[in-house]
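Here's the structure, in structure tokens; my notes come after.
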Amino acid sequence: MDGFLICISLLVLTLGTYVIWPSRFNVLQHLAVGGSFVSIVVPAVILSVQNQYEKDIVNLYIWILSVGALFFLLGLITGFSAGKNIRTRFSFDLMDFESYEQRAIKITRNFMLFGIAGMIISYLFMGFVPIFAADPISAKLFRGQYQEPYIRVAFLYRSAFFILATLMPIACVIWYKVRSKLFLFIVIASLLLMASSLARSGAFMGVVIAFAIIMSFKSRVHFLILMAILVGVFVLSSFFYYVVGVRSYSNDKNIWEIITAGTPDIPDQLDFLTRFEEKEDWTYGRTIYGGLIPGHYQWNPAVYTLVMVNPGKDINDIGSGGLRLPLPVWGYVSFEWTGVILFSLLTGFLTGVCFRMIKIMFTKFESILTRTVIIIGFGAVVGIIANFTQLSIYNIPPALVSLFYLYRFRLK
């Protein structure tokens, strides 16, 4: 029963927008399906990893997730209903179809070329590329000897990387639609530069999103094929992570343990709650803005979670970028049960409004390029508002760039 409750609650928090918009056009939600199977269903239901922890901690975890999922779902439904009354006046609402798409192509080209140049300059000034570094993991996380050279170009590197990662789906769809050699070069060069950073998600997620958009918009058959592929990709990715991570296959691991080796989210969350209950280091909402402060600020969500589960250790020696905690857990460590309810309800409401607006826009525009811009550009801007509980300085450059797709700026 514990595994079932954990699974259902986390699935509601992760895949909840299917309740308000059960459509093959709900592309961003599709991308979470494969990861949910690997990180939620297998460990909670098949492996029952929660049985390795104290019963009191597991009960607390279940209550936090269950209450959070309930209020998140309530917020989603309420927000989706409220969103139908919102009218927008973005560029694609006001401009004719062909003019807007030409403008979108021009904006994408210019920013992607800037991102490519920024990544190359950053690698040159840092003096290393993570994939070729002597210690790839430390280089990927910019820890130890790699921290100082990275700091010199941190703003340029992060801005360039996240611009490329954000706009990659739009660039891929533009190439798919117009078959431009320039955009083929842009896509390949961006992919190679980002992959060299060893940031798997940032490097390849843009291509995956573009593929998901194309397949989802083609037909229902293509959509079903897409869902099967997404689950398979996540399973194979996790298996590859295990083999590469341990360098050899261990006979004492069954297939399900191997599949979940790269996504230990539930054990991480239970470890965190165990440490938190011992220390009770309440954030009082400081992790909301902590991600906006550069450096290893103590209330940065990544720093906070790592310090909590690794007491007394130097964060520079920890080979991790932070733990992925569910929304209700962030509410709990901020304002206890009041935080669980408010964080979940408000996030659900804002997410519901956002998805209702996207659905309305999709009824106006059938072009795959315009719909891709709506998903990526609108999502990057509104996503900051909807995900207010974990603001990050790295979300700002993509949001600023996305404004150019939504509005026309004229210098006077």
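None of the figures in this text is laboratory data; all of them are computed from the coordinates on show. Keep in mind it's a predicted model, so treat the numbers as computed, not measured. FYI the Cβ positions are ideal-geometry reconstructions off the backbone, even for glycines, and counts take in every protein chain you see.
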Ranked from fewest to most other Cβ atoms within 10 Å of their own Cβ, Thr274, Thr78 fall in the order Thr78, Thr274
Correct response: the longest run of the chain lacking exposed GluC sites (Glu not before Pro), defined by DSSP loop and at most 15 other Cβ within 10 Å, is 55-279
Summing -39500 (n - 2.57) over every DSSP H run of at least 4 residues in the chain and dividing by its residue count gives a helix-only mean residue ellipticity at 222 nm, to the nearest 500 deg cm²/dmol, of -22500 deg cm²/dmol
Trypsin sites (Lys or Arg not before Pro) in segment 128-232 lying in a DSSP loop, each with at most 14 other Cβ atoms within 10 Å of its Cβ, come to Arg179
The residues Val45, Val187, sorted from fewest to most surrounding Cβ atoms within 10 Å, come out as Val45, Val187
The residues Asp268, Asp281, sorted from fewest to most surrounding Cβ atoms within 10 Å, come out as Asp281, Asp268
Partner lysines whose C-alpha sits under 29 Å from that of Lys177, ignoring same-chain residues fewer than 8 away, are Lys106, Lys218, Lys359, Lys364
With +1 at each Lys and Arg Cβ and -1 at each Asp and Glu Cβ, the charge dipole magnitude of the chain around its Cα centre, to the nearest 20 debye, comes out at 2060
Straight-line reach check, Lys279, cutoff 21 Å on alpha carbons, 8 or more apart in-chain or any other chain, hits among lysines -> Lys55, Lys313
Cα pairs beyond 33 Å in the chain, in percent, come to 34
